Structure formats: structure tokens, C-alpha cells
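Here the structure is laid out as C-alpha cells; the discussion comes afterwards.
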Amino acid sequence: MWNYEKRLQFPINIDKTDPKMALLILSQYGGPDGESGATLRYLSQRYTMPYREVSGLLTDIATEELAHMEMVSTMVHQLTKNLTIEQIKGSGFEPYYVDHTAAIWPQAAGGIPFNACEFQSKGDPITDLIEDMAAEQKARSTYDNLIRIIKDPDVLEPLRFLRAREIVHFQRFGEALRIVQDQLDPKNYYMYNPSFDKKDNSCDNK
């Protein structure tokens, strides 16, 4: 159960429409390293995480990623709100407009639709948390790329906020990985899956 506050995690007030910029930012909604994949990844992984503290962390971060999806959606909406056909023509937004008008739809900047195959839920704490750390770093890199390209200060501020949260999430997943490793024999981090195997009946002994 979640309690929804009807406010953005960070305020967004973009006055200038820019469909080309919207297509770039849309990648953080439905791209390979975007917020949609992040929230689904962590919500899926929490069920097989055998340690409650880490399962709670996955739930917390997944919930925040939902808020980030909302922020990215708001940015794209404000950048495309009240577009005219003249503004759309020649902007590169035409293919998206034909399929979705100015609605929000998950795709990468290159036009590839969101695909659940872009993330994994393996049911192994070490495997999943290492993927999670890599995912946060990849998302940070994408925000870095957007920040290098975009000049509008009204767009840059929320992007910088989102980038900073990726760094925090990376650090928290690193802490979670240490929690998991502390529960295991340090010589056998990768020998068995504590979510599925018993130590004395691991894959290595079958």
C-alpha cells in the first residue's frame, strides 16, 4: 500500500515547448536505462530477497523510481504541450506524433519501445544487487549525456536532481550488497543462492 502525495518530488516549470528535447528526455521514461525499467526491476526483485532490510530498500527505491517516472513524464508533457503542426514539422517529432500525438509513451530516444527484456529479476541477491548498482550507474550516465546537450535551465534543474538520486541509489545498493555478503560465508559469495538453495545442498554440490 502506498500513500500518494499530489506533488512532484522536485518542481518542474518549463515554459518553452521543444519537441526535439522531449524526445531525448523520453528515453529516461522508457529507454534501456530509464525509470520504467528501474521501478519494475526493484519491485520484482524484492519478493525473492531473503533479507527484510534489503527487501525494504528495494521497495523504497522502486517507489521513488515511480516518482521519477512522474517527473520525466511531466517534463515531456510540458515540452510538448500545445504544440502546433508547424512546430512539429521538421523537428524530428513527426513519427512519434503520428503514433501518439503528444501523449506519453515509453520509448528510447532512438524510438525503440520499452521492453521488459531490458531488465532482469534473477532471484539471487548477489546477482540482482550487482545488476541494480550497474543500472543506477547507467541511468546516471544517461542523465550526464542529457545535461551536456540541454541548455534550458528550467529543464536542467530537474535533470540534475534526478542524476543526484541515481548516485544515492547506487550507494544504497552498495550498502545492501554488503548486508547480503555479511550474511554469507565470505569465501562462498557466489557458490549458492540463499533465496533458493540451502548451503549444504547448493548447485556446486549437485
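The values are calculated or read from the model by the stated rules, or taken from the named source; none is laboratory data. Computed from a prediction, not measured in an experiment: that's the story for all the values here. Ideal geometry is used to build each Cβ from the backbone, glycine not excepted, and the neighbour counts take in all protein chains shown.
Scanning for something within 26 Å of Pro11 (Cβ to Cβ), acidic (Asp, Glu) and in contact (Cβ under 8 Å) with a residue 60 or more places away in the chain, does the range 122-131 turn up at least one residue? So that I can check it myself, show each step before the final result.
Here is the first cut: in the range 122-131, the residues within 26 Å of Pro11 (Cβ to Cβ) are none.
Checked against the condition, which is being within 26 Å of Pro11 (Cβ to Cβ), acidic (Asp, Glu) and in contact (Cβ under 8 Å) with a residue 60 or more places away in the chain, the range 122-131 yields no hits at all.
Residue by residue, here is whether (1) modelled with pLDDT under 95; (2) exposed (fewer than 15 other Cβ atoms within 10 Å of the Cβ); (3) under 25 Å from Asn145 (Cα atoms) holds:
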position	(1), (2), (3)
Ser36	no, no, yes
Tyr42	no, no, yes
Val54	no, no, no
Ser73	no, no, yes
Gly90	yes, yes, yes
Pro95	no, yes, yes
His100	no, yes, no
Leu129	no, no, yes
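With respect to Asp124, determine if the residue is modelled with pLDDT under 95, crowded, with 16+ Cβ neighbours inside 10 Å and either touching a Phe, Trp or Tyr at 6+ places or on another chain (Cβ under 6 Å) or charged (D, E, K, R) (or both). Full working, then the answer.
On the way: modelled with pLDDT under 95: yes; crowded, with 16+ Cβ neighbours inside 10 Å: yes; either touching a Phe, Trp or Tyr at 6+ places or on another chain (Cβ under 6 Å) or charged (D, E, K, R) (or both): yes.
In short, yes.
For the range 1-45, which helices (runs of 4 or more DSSP H) that fit wholly inside it have 1 or more residues that are under 9 Å from the mean Cα position of the chain (by Cα) and not hydroxyl-bearing (Ser, Thr, Tyr)? I'd like the intermediate steps shown before the answer.
Values: elements: 19-25, 27-30, 35-45.
Because the criterion is at least 1 residues that are under 9 Å from the mean Cα position of the chain (by Cα) and not hydroxyl-bearing (Ser, Thr, Tyr), the helices (runs of 4 or more DSSP H) in the range 1-45 that meet it are 27-30, 35-45.
What is the one condition in (1) free of Cβ contacts under 8 Å to residues at least 12 places away in the same chain; (2) over 16 Å from the mean Cα position of the chain (by Cα) that Asn115 does not satisfy?
(2)
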